[in-house]
Amino acid sequence: MPGLAPVIGHRGAAARAPENTLAGLRRAHELGAAWVEFDVMLTADGVPVLIHDETLQRTTDGRGRVCRHSAEAIQALDAGAWFAPQFRGEGVPTLEQALALLLELGLHANVEVKPATGHAVATGETVATMLRRIWPASGPRILVSSFEREALGAVLRTAPELPRGLLAGRLPADWATVMQELGCTTLHLDHSRLDLRRLGELAGQGVPVLLYTVNTPKRARELLQAGAVAVFSDLPDALLAAQ
């Protein structure tokens, strides 16, 4: 996929600001990241919000499953104080709020569809519908990825023009077939579970490989030199400074 930057801020800039928040997206931009990644899940009333876990307690002062709470209830939670006192009061943003900020800042984004169990199709459809409605054709680049193949299939059916990325931990045996069936343009893998030889082979086949989560400049250089087109990092500034 053309237009990708070699360093993508992971969940905004997850080591520099609370993950999956507007503050995190702003911080990534301030640190020089041109691309950011974040996770999207549906609330009980079908509103897409930025959060990684199926439960609230790790990154907010709430408890229970995201999909059991309304958007109004989730937006009343504090998603910043756990990270540092200066982020107290930072909320869980909706996807619509995040997209508005991306357009304001000119940030490109990898939107990861992160459905709660049993909600893959609905989440994929909702994200794709919102992107199709809000995101201008002339705007920054957007890439939609997911571990859930059903979610990617829903994105394909709803907004086939959106570039899609197949996410996995280890390289799946059927990766080529799945990428073809779902029309994926990128392959996203755990860098710690892919050796450099296999990475080089994939690159040699013309497969754009993006690797997560890389937080040391030495490892980033190694992977990019071996053929990765981009790495996701909680510390985008550290990697950018070393380029």
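The values are calculated or read from the model by the stated rules, or taken from the named source; none is laboratory data. Worth saying up front: this structure is predicted, and the values here are computed from it rather than measured. Note that each Cβ is placed from the backbone with ideal geometry, even for glycine, and that neighbours are counted across all protein chains shown. These area figures cover heavy atoms from the full protein model, side chains too; ligands, DNA and RNA do not enter into them. Shrake-Rupley method; radii C 1.70, N 1.55, O 1.52, S 1.80 Å.
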(request) Kindly provide the set of residues from the range 218-240 that are open to solvent by 40 Å² or more (accessible area, probe 1.4 Å) and part of a helix (DSSP H, G or I), ordered by number. (result) 218, 219, 221, 222, 224, 225, 240
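Every residue, every condition in (1) open to solvent by less than 40 Å² (accessible area, probe 1.4 Å); (2) assigned to a loop (DSSP other than H, G, I, E, B); (3) of a type in the set (Asp, Glu); (4) more than 24 Å from residue 3 (Cα to Cα), yes or no:
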| residue | (1), (2), (3), (4) |
| --- | --- |
| 140 | yes, yes, no, no |
| 145 | yes, no, no, no |
| 152 | yes, no, no, no |
| 155 | yes, no, no, no |
| 177 | no, no, no, yes |
| 187 | yes, no, no, no |
| 197 | no, no, no, yes |
(message) Suppose we keep only residues that are more than 11 Å from residue 25 (Cβ to Cβ) and charged (D, E, K, R) within the range 91-114. Which one would you say is least open to solvent (accessible area, probe 1.4 Å)?
(response) 112
(request) Under 6 Å between Cβ atoms, at least 6 apart or on separate chains: pull out the pairs that start in the range 213-228 with a residue that is within 19 Å of residue 186 (Cα to Cα) and end on any residue that is open to solvent by 40 Å² or more (accessible area, probe 1.4 Å) and not in a helix (DSSP H, G or I). (result) 224/6
(message) So, in the range 115-128, exactly how many residues are among the β-branched types (Val, Ile, Thr) and open to solvent by 70 Å² or more (accessible area, probe 1.4 Å)?
(response) 1
(message) If I go through the range 50-66 residue by residue, how many of them are touching a strand residue (DSSP E or B) at 6+ places or on another chain (Cβ under 6 Å), among the aliphatic types (A, V, I, L, M) and over 11 Å from residue 116 (Cβ atoms)?
(response) 1
(request) Collect the residues in the range 17-45 that are open to solvent by 10 Å² or more (accessible area, probe 1.4 Å), in contact (Cβ under 8 Å) with a residue 24 or more places away in the chain and over 20 Å from residue 56 (Cα atoms), keeping them in residue-number order. (result) 26, 29, 31, 32, 34
(request) Working carefully through the options 131, 210, 166, find the one that is surrounded by 15 or more Cβ atoms within 10 Å (Cβ to Cβ) and in a helix (DSSP H, G or I). (result) 131
(request) Please work out which one of (1) over 23 Å from residue 16 (Cβ atoms); (2) under 19 Å from the mean Cα position of the chain (by Cα) is the condition residue 44 fails and give its number. (result) (2)
(message) List the residue pairs whose Cβ atoms are under 7 Å apart, where the first residue sits in the range 178-190 and is on the phi < 0 side of the Ramachandran plot, the second is of a type in the set (D, E, K, R) and surrounded by 14 or more Cβ atoms within 10 Å (Cβ to Cβ), and the two are 6 or more positions apart or on different chains.
(response) 178/149; 182/149; 182/164; 184/164; 185/164
